[in-house]
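One structure is given below, encoded as structure tokens.
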């Protein structure tokens, strides 16, 4: 379908409290969350919408009893149901929620706690040894609440006992928490982001920002009934565009217990949709082709795809039968992959769409709460990041000779600013416009196309602009290349003169393909993969890494 179509009909809500009230009214007995019991992985716990809202009210009431429900409350830990109860209870409070990146080194965790002015810290048991150090260095924190802790000691509390206290007070008729109503334009979330480089910045998001992503996001995006929740909750992509959107749609959210168990849990929970980042879809894609090659079915798969596409044009859709083994390997029910965080390779999007799993690519940054655009189910082009949300505008600044400019966004999703940092705020926010520091353009159909990050841009000594992400996508198409970045080679004068590809290889695939001279083979394969690119975008040299690149918690390479 080449034309955009009418917006989805979505219930308008003004607050998170209102959103959850409707969820209870309309789907109170429906399962909101499924997750494996921490003490017995064979046992799956199911929580209804009614129970979830009650749990958030108990947590919120307990915080109120401590006089902390209008303060800044931080949390650090793996994805868990308890993490989500703290998250939603804070979104309905008078306070500010501060999610902390669980991969940060101890001193960076302390930096964030100091800068955020947090007064409560919820934490997972793996951080127990860090609590004394935090106590000494962050005197502002009044209470530490261990999500897995069994006993209480001074101001170090047990989540279970803390929540139980909230339950008792709530059942006695207290409305100290449930009667709270904040101004929707007040800061509700303080999210620390460093992107892939630089010092962390505290992004201030309001309740209106969050609700706007939910309401306008659902107008253009289609969400299924059962999701596997994989990505880290401290990132807004999963916490807002994932969790909050799914709660408003009344989906069932299955919490993935470990990144290494993603495929296992897809088969266990059998979701019909999942939110991922490009690195995950790349792994899925290459695993499918590597498995096909090992079993001698790759030639059959290559023939089946064009045959299936031809039949679909005639109104015959045999994808569930033709590609049954792939569907079965992904749980058997998966119909949609929502991909964000970075542009995907268009061939990956096309492949999944061809086999009957719609891959929807979207775009956003934390400073935009974090959704700016998304492809639509029947208006889907994997080479783009889709249509702009109805609540915002996009303009391009400093457009270059290629037609690409700096993407600037204005509207209900744009942050209030960076916490305690006017200089950085003024740099990216001007007259309501947020400069995303991403380069791109809008095609004739109104879909946004991202070409790269401003900070990654390479300007060669001949004046040509190079977006390394574009060339990396060509290199990543090589079956045995697991990770790649393109960087510049500089001369003695510091000028960027040529391009270098630094790659990390999948040794298992290298061995399976019986490659002997890997360096020469790689050079040849990169030359072939990039043959359609102009001369100035050609790779002049290669570097083969022995170890994987260091990455952020959303699997982006730290350049």
Among beta bridges assigned by DSSP with both residues in the range 189-330, the antiparallel ones amount in percent, to the nearest 5, to 45 percent
Apply 1/(1 + (r/R0)^6) to the Cβ-Cβ distance of residue 535 and residue 420, taking R0 = 56 Å, and write down the FRET efficiency to the nearest 0.05. 0.70
List residues of the range 335-350, by number, whose backbone nitrogen lies under 20 Å from a label position 7 Å along Cα→C-beta of residue 298. 345-350
Label the range 457-545 by shape, choosing from rounded, prolate and oblate, from the square roots a ≥ b ≥ c of the eigenvalues of the Cα gyration tensor; if a/c is under 1.5 it is rounded, and otherwise prolate applies when a/b is larger than b/c, oblate when it is not. prolate
From Cα pairs below 8 angstrom and at least 6 apart in sequence, can you work out the relative contact order of the range 110-171, rounded to a whole percent? 28 percent
Peptide ranges 75-81, 388-394, 308-314 listed from the most packed, as the mean C-beta count within 10 angstrom indicates: 75-81, 388-394, 308-314
Once each part is reduced to its C-alpha centroid, what is the distance from the range 92-142 to the range 361-393 in angstrom? 33 Å
Any idea what angle helix 346-355 forms with the longest principal axis of the chain, computed on alpha-carbon atoms, 0 to 90 degrees, nearest 10? 80 degrees
If you count, for each residue, the other Cβ atoms within 10 Å and average over each peptide, how do 292-300, 403-411, 102-110 line up from highest to lowest? 403-411, 102-110, 292-300
So, by mean Cβ neighbours within 10 angstrom, what's the order for 49-57, 431-439 with the highest one leading? 49-57, 431-439
In the set (i) 29; (ii) 60; (iii) 26, which value of percent of Cα pairs over 39 Å apart was calculated from the structure you see? (i)
What does the extension gain come out to for residue 107 and residue 38, with contour length at 0.36 nm per residue minus their alpha carbon separation? 22.0 nm
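Coordinate-derived values only; no laboratory data. Fair warning: this is a prediction, and the values are worked out from it, not measured in the lab. Here the Cβ is made from the backbone with ideal geometry for all residues, glycine too, and neighbour counts use every protein chain on show.
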